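The values are calculated or read from the model by the stated rules, or taken from the named source; none is laboratory data. What you are looking at is a predicted structure, and each value in this text was computed from that prediction instead of being measured. In this analysis, Cβ positions are derived from the backbone assuming ideal geometry, glycine residues included, and neighbour counts consider all displayed protein chains.
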Amino acid sequence: MTGCERLLSLRDPIPGDGSDSGDLIDGGLSSGSPLLLSEVVLTPNAGEMIEIVNTSADDVDLATYYLSDSGNYYRLPVSATVDVNDFIVKFRVGARIKGHEALTIAIDTPANFATQYSKSPSFSLMDDTLDKIAMNGTPQLTNTGEPIILFQWDGRSDLVRDVDIMIVGAPTAANPLPDKSGMSQDGPDAGNLPSTYATEAHALKPQAATPGAGVSTKRIALENVGNEHTGSGNGQSGDDETSEDTSLTWDGTAALPFSAPTPGDVPPALLR
């Protein structure tokens with residue numbers, strides 16, 4: 001059983017509500033996560049999807065994991081609001097990802113996903129397989145690109161925890177990834193002192209190109225100390241998910257261009 005499964009209690013990432021009394025937060029988050037974003041399809045609408053992979057051999061409980069295409073995701077403990085066509089969704093209690101498994105999240109209906117890929121999605125934003133925390137109109141991924149965020153929240157703390165972030169394609173100024181460095185907020189815990197997000201590198205860059213119809217963008221390598229800062233960010237174990245050099249860990253380069261979608265397939269390079 002992994003730490004993710006046990007969901008060990010943990011203090012707020014930065015002292016504030018819930019930690020000023022010295023008590024651990026019940027139902028807190030694990031100190032690390034083996035989950036990563038692994039594939040994204042932006043177009044056509046019927047085939048839009050996000051895939052996540054479990055890089056470890058152990059099953060992981062998904063009950064504290066959220067997925068969003070909104071730069072406002074980090075405000076969830078105080079305000080669950082998103083722009084038009086954006087979303088924040090939560091995996092339900094009981095949802096799990098098996099060791100070395102990839103799960104697909106359809107943005108459109110399961111039927112449209114199945115028409116595109118001849119298989120059903122693991123989850124869909126258009127049915128009842130996910131909890132819809134915030135959704136402004138019909139959810140869609142912007143064809144030119146936008147941030148995709150996999151994160152955790154225990155439902156009580158002032159701050160969320162980044163698990164993985166990817167800026168897919170080349171978003172316009174209307175789809176930024178905000179810099180949450182030094183932002184303070186007071187969530188729903190029992191205290192009344194705010195907690196503050198750590199300083200971020202905010203160096204995550206858009207891709208050199210945007211995956212169009214008939215192709216997806218895929219992760220090709222794991223995060224490591226050579227392509228991501230560790231120990232001082234807002235992610236699991238202090239990783240700074242805004243510092244990842246995605247030109248090294250994702251395709252979409254001249255040397256490795258986008259290719260046809262492979263929903264549910266797990267590349268050996270992403271397994272530990």
Taking the condition over 22 Å from S79 (Cα atoms) and touching a residue at least 60 places away in the same chain (Cβ under 8 Å), does R219 pass?
yes
By residue number, the members of the stretch 104-142 that are part of a loop (DSSP other than H, G, I, E, B), surrounded by 14 or more Cβ atoms within 10 Å (Cβ to Cβ) and touching a helix residue (DSSP H, G or I) at 6+ places or on another chain (Cβ under 9 Å) are I107, D108, T109, S120, P121, M126, T129, Q140, L141
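Being surrounded by 14 or more Cβ atoms within 10 Å (Cβ to Cβ) and more than 17 Å from the chain's Cα centre (by Cα) is the filter here, so list the residues in the stretch 86-103 that pass it.
Those that are surrounded by 14 or more Cβ atoms within 10 Å (Cβ to Cβ) and more than 17 Å from the chain's Cα centre (by Cα): G99, H100.
Among residues belonging to the stretch 167-217 that are in a loop (DSSP other than H, G, I, E, B), among the hydrophobic types (A, V, I, L, M, F, W, C) and under 20 Å from the mean Cα position of the chain (by Cα), point out the one that is farthest from G238 (Cα to Cα).
A174
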All conditions in (1) modelled with pLDDT of 95 or more; (2) in contact with a His (Cβ under 8 Å, 6 or more places away or on another chain); (3) surrounded by 15 or more Cβ atoms within 10 Å (Cβ to Cβ) are true of D179 except (3)
Selection from the stretch 218-251 of residues in contact with a Lys or Arg (Cβ under 9 Å, 6 or more places away or on another chain), in a loop (DSSP other than H, G, I, E, B) and buried (at least 23 other Cβ atoms within 10 Å of the Cβ) yields N234
Quiz item: Is it fair to say M166 is closer than 27 Å to H229 by Cα and surrounded by 15 or more Cβ atoms within 10 Å (Cβ to Cβ)?
Solution: yes
Scanning the stretch 76-85 for residues that are out of contact with any Asp or Glu (no Cβ under 8 Å at 6 or more places or on another chain), touching a residue at least 12 places away in the same chain (Cβ under 8 Å) and surrounded by fewer than 21 Cβ atoms within 10 Å (Cβ to Cβ) gives A80, T81, D83, V84, N85
Just one listed residue, out of L37, L24, L62, L8, is touching a Lys or Arg at 6+ places or on another chain (Cβ under 9 Å) and either modelled with pLDDT under 95 or over 30 Å from T115 (Cβ atoms) (or both), and it is L24
